[in-house]
1. Looking at segment 207-218, I want the residues that are under 15 Å from residue 175 (Cα atoms) and have a partner that is aromatic (Phe, Trp, Tyr) and surrounded by fewer than 19 Cβ atoms within 10 Å (Cβ to Cβ) with Cβ atoms under 7 Å, at least 6 apart or on another chain. Which pairs are those?
2. So if I check each of 281, 356, which one is touching a Phe, Trp or Tyr at 6+ places or on another chain (Cβ under 7 Å) and of a type in the set (Val, Ile, Thr)?
3. Might you check whether a residue that is under 36 Å from the mean Cα position of the chain (by Cα) and assigned to a loop (DSSP other than H, G, I, E, B) occurs anywhere in segment 286-300?
4. When segment 147-158 is examined, which residues are found to be modelled with pLDDT of 95 or more and more than 14 Å from residue 135 (Cβ to Cβ)?
5. Of the numbered conditions (1) loosely packed, with under 14 Cβ neighbours inside 10 Å; (2) of a type outside the set (A, V, I, L, M, F, W, C); (3) assigned to a helix (DSSP H, G or I), residue 256 fails exactly one; give the number of that condition.
6. Specify which of the listed residues (268, 293) is of a type in the set (D, E, K, R) and crowded, with 17+ Cβ neighbours inside 10 Å.
7. Let me spell it out: the conditions are (1) crowded, with 17+ Cβ neighbours inside 10 Å; (2) closer than 23 Å to residue 240 by Cα; (3) among the acidic types (Asp, Glu), and residue 286 meets all of them except one. Which number is the exception?
Amino acid sequence: MRLTTVVGKVVSQFQTAFIPGRNILEGVVILQEVLHELRVTKSAGVIIKLDFEKAYDRVNWNFLEEVLHRKGFDEKWIQWMNKAIRGGRVCMDLNGERGDYFRSFKGLRQGDPLSPLLFNLVADALSAMLSRACSAKAIKGLVPHLFEGGLTHLQYADDTVLLLHFDPKNLRNVRLLLSCYEAMSGMKINYEKSEIFSVGLSLQEQNIAVESLGCKIGVLPMKYLGMPVSCHKISKAQLSYVFEKTRKRLGTWQCEYLSSGGKSTLIDSCLSSIPMYTMGVYQLYEGIFQCLDSIRSRFFWEGTSKKWKYHMIKWEALHRTKEFGGLGFMAVRVMNTCLLAKWIDKLERGILVYVVLC
């Protein structure tokens, strides 16, 4: 049996990385909704964005083996995993020169297709500890009216966000829990790079949170999985990075003599795909739509040359399919609508996003 087929059954719903049927954007949507709910209900909360040092390289093999036993994996299968993880040798490659081979005693090999799934099991141990602590009333999560018992954390591989009710005892218990997880798993949290974001807290309360956890104070909107997230509506300026990334991509190309067919291929495969990640969560502003369409239109007619060239027909005419005289370029506004509409299917399946939003 393949690990991919069962990992979704043994890893908690708070983990959205590398698991069939789950999506990276689910965590972004949930976090945005939690922050919005805190502002609307005038509640106070602490959001902690953890930074793990070299997460894959620090995994304790004995801890991973214990996790596999606790998850109910067959003894023979665990032996196979042990041979795959503990076996083999590695060497250092420096400027093309390889050193002597040596054995490693911890960590998961990056690039191995098994590693992301095995790491999810290691990260799920932290999820289980947080959930158990929440059930025992040792810690208290946020928005208990949306999620039974309160939502305490979200995970995407090692990108972990803790969602906590502000209370000094609550924060001390979380710090103790994280220390226990570090000691068992071999993982190490870099508290100097970790950040605390707060909603509805006074400056004095923020300082108490900083002293309890040893993290620095962050300012909303926070960046989570490459996306801005805040308790307020994301502004046009905060989403301007979408067309800036598209414009910068053009700066790396030399396409003055590229054919129209080549340009259309680059538009479809690259320029049109850059904003898709953000459009899967946010409805972009009209000005951003116009900028993105302008970039694609100018590239098709002028290439990367700074010299102006005549545009033979309107850009909107090229949105038609080839059967009707166009090139099949989809308008950015339509792409945005389609990507947001995909959430209808996700909400119908009753996943964690459905529980929080509905």
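The values are calculated or read from the model by the stated rules, or taken from the named source; none is laboratory data. Predicted, not measured: the structure shown is a model, and the values here were computed from it. When we count neighbours, we look across all protein chains shown, and the Cβ atoms used for this are built from the backbone with ideal geometry, even at glycine.
1. From segment 207-218, the pairs are 213/191; 214/191; 215/191.
2. Sole residue among the options that is touching a Phe, Trp or Tyr at 6+ places or on another chain (Cβ under 7 Å) and of a type in the set (Val, Ile, Thr): 356.
3. Among the residues of segment 286-300, not one is under 36 Å from the mean Cα position of the chain (by Cα) and assigned to a loop (DSSP other than H, G, I, E, B), which makes the answer no.
4. If the condition is that a residue be modelled with pLDDT of 95 or more and more than 14 Å from residue 135 (Cβ to Cβ), then 154, 155, 156 are the ones that fit.
5. Unmet condition: (3).
6. That would be 293, the only listed residue that is of a type in the set (D, E, K, R) and crowded, with 17+ Cβ neighbours inside 10 Å.
7. Only one criterion is unmet by residue 286, namely (1).
Quick grid of which residues meet (1) free of Cβ contacts under 8 Å to residues at least 60 places away in the same chain; (2) over 24 Å from the mean Cα position of the chain (by Cα):
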position: 28; (1), (2): no, no
position: 42; (1), (2): no, yes
position: 96; (1), (2): yes, yes
position: 100; (1), (2): yes, yes
position: 110; (1), (2): yes, no
